[in-house]
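Take a look at the structure below.
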Amino acid sequence: MLLLLELPQREIGGQLPDYETLEAISRYCREKGIKLHLDGARLYEVLPYYGKTSAEICDLFDSVYISFYKGFGGIAGAILAGDEAFTEESKVWKRRHGGDLISLYPYIISADYYFDQRVDKMDQYYEGAKELAAHFNGCEGIRTLPETPVSNMFHVFFHYPQKLIEAILIEMYEETGIGLTGYVKEVSENECAFEASIGDQYKNVPKKELKNMFTLLNEKLQKQNT
């Protein structure tokens, strides 16, 4: 038997179980002989929230997947880690499923470069996400999921129709030069959403300009309710 956990859980806004719950799941699986796999595509992004090292998180699992392109920005690729017997067998199955490429060096070079560039910035991204979410939650008819992010990503919900929000966000960009997203997904007739993910560029937006932009956004949204 196998149990797979995704950390953070993207489809619900990057939410996370608390560390004690992770420990309990790991302990139960080992007692019952259940293999526990971590889909940790964004593993390093959740370390600031847990206050743990990557080794401490990975020790709870039998195998771990980590992406080199999502949080780090490499071209593509990932690492699959586990004990020696597992990793040796995984090489066979990778080949059977057509996963071998003629050359991997472009992916390895970019992964190595961007890992070193960004691995120590996860605290910065995490604090930026909390700050940005607070700005969104201060606006009329906007909420974030979760309300306080637990990683550098979260979901933003507008309680307005998609077309209306698209038009307002374009206006915001034209008036302030600050773009919040490149897309908005319709959730229902009167609600839409997008996924926010904080990286290097966020710190380059002046705090005063960001605050003024959200003040303007809030004013535009309030007008829709009058």
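The values are calculated or read from the model by the stated rules, or taken from the named source; none is laboratory data. All values derive from a computational prediction rather than experimental measurement. Counting neighbours? That spans all protein chains shown, and the Cβs are built from the backbone with ideal geometry, glycine included.
Points worth noting:
- Top-ranked residue of region 172-184 - restricted to ones that are surrounded by 12 or more Cβ atoms within 10 Å (Cβ to Cβ) and in contact with a strand residue (DSSP E or B) (Cβ under 7 Å, 6 or more places away or on another chain), ranked as farthest from residue 131 (Cα to Cα): 184
- Single residue of region 177-212 satisfying the filter (part of a helix (DSSP H, G or I) and within 24 Å of the chain's Cα centre (by Cα)) that is farthest from residue 44 (Cα to Cα): 211
- The C-beta contact set for region 149-167 (first residue surrounded by 17 or more Cβ atoms within 10 Å (Cβ to Cβ), second residue assigned to a helix (DSSP H, G or I) and of a type in the set (Lys, Arg), distance under 6 angstrom, 6+ apart or interchain) comprises 149/130.
- For residue 54, the test of being in contact with a helix residue (DSSP H, G or I) (Cβ under 8 Å, 6 or more places away or on another chain) and crowded, with 18+ Cβ neighbours inside 10 Å is failed.
- Qualifying positions in region 194-204 - under 18 Å from residue 134 (Cβ atoms) and surrounded by 15 or more Cβ atoms within 10 Å (Cβ to Cβ): 194, 195, 196, 197, 198, 202
- Residue in region 119-137 that is more than 19 Å from the chain's Cα centre (by Cα) and not in a loop (DSSP other than H, G, I, E, B) present: no
- Residue, nearest to the chain's Cα centre (by Cα), within region 80-96, restricted to residues that are surrounded by 14 or more Cβ atoms within 10 Å (Cβ to Cβ) and either aliphatic (A, V, I, L, M) or within 19 Å of residue 115 (Cβ to Cβ) (or both): 80
- Condition check for residue 107: crowded, with 17+ Cβ neighbours inside 10 Å, part of a helix (DSSP H, G or I) and in the same structural domain as residue 66 (by TED's automatic domain parsing): yes
- Scanning region 32-75 for residues that are of a type outside the set (A, V, I, L, M) and in a strand (DSSP E or B) gives 35, 37, 39, 63, 65, 67.
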